[in-house]
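Peer 1: The structure follows.
The values are calculated or read from the model by the stated rules, or taken from the named source; none is laboratory data. Being a predicted model, the structure only gives us computed values, none of them experimental. Glycine also receives a Cβ, built like all others from the backbone with ideal geometry; neighbour counts cover every protein chain displayed.
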């Protein structure tokens, strides 16, 4: 257990800072880049539960099942949550109409999600849809 704890602290030291007194953030936003394409992952930590959401403006390069598998393993390194118990959602978001604006879409989804209060995001997770968060201006 000591080796795993050290590994967790080395993977994400800012989440294990002494100033946090063992409290993890409720929300973690992760930008994902693969095959020259950007998307957004949102992790929600609440008590002993965790949810993962993937927001992608293109139905293409990122395989959600593979992405969720990797994110569950990374999440396990950060907090001791059984990956089998982590709930996942693929969120319906506005789709880009070209092959090059994924970064803009990802940043707008991130900005929209960051502006919302956690209660609003909790409601979105329960309703399985972040459509209003990801609406492009």
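Peer 1: In segment 25-59, which residues are in contact (Cβ under 8 Å) with a residue 24 or more places away in the chain, in contact with a strand residue (DSSP E or B) (Cβ under 9 Å, 6 or more places away or on another chain), assigned to a loop (DSSP other than H, G, I, E, B) and surrounded by fewer than 19 Cβ atoms within 10 Å (Cβ to Cβ)?
Peer 2: Passing the criteria: 26, 58.
Peer 1: Examine segment 103-111 for a residue that is modelled with pLDDT under 85, surrounded by 13 or more Cβ atoms within 10 Å (Cβ to Cβ) and closer than 20 Å to residue 45 by Cβ, and state whether such a residue exists.
Peer 2: Checked against the condition, which is being modelled with pLDDT under 85, surrounded by 13 or more Cβ atoms within 10 Å (Cβ to Cβ) and closer than 20 Å to residue 45 by Cβ, segment 103-111 yields at least one hit.
Peer 1: Which count do you get for residues in segment 100-113 that are closer than 18 Å to residue 34 by Cβ and either touching a strand residue (DSSP E or B) at 6+ places or on another chain (Cβ under 9 Å) or without any contact (Cβ under 8 Å) to a residue 24 or more places away in the chain (or both)?
Peer 2: The total comes to 9.
Peer 1: Taking segment 71-116 as the region of interest, how many residues are part of a helix (DSSP H, G or I) and over 19 Å from residue 28 (Cβ atoms)?
Peer 2: 5
Peer 1: OK, next. Give the residues of segment 60-69 that are surrounded by 12 or more Cβ atoms within 10 Å (Cβ to Cβ) and part of a helix (DSSP H, G or I), sorted by residue number.
Peer 2: 64, 67, 68, 69 - these are the residues of segment 60-69 that are surrounded by 12 or more Cβ atoms within 10 Å (Cβ to Cβ) and part of a helix (DSSP H, G or I).
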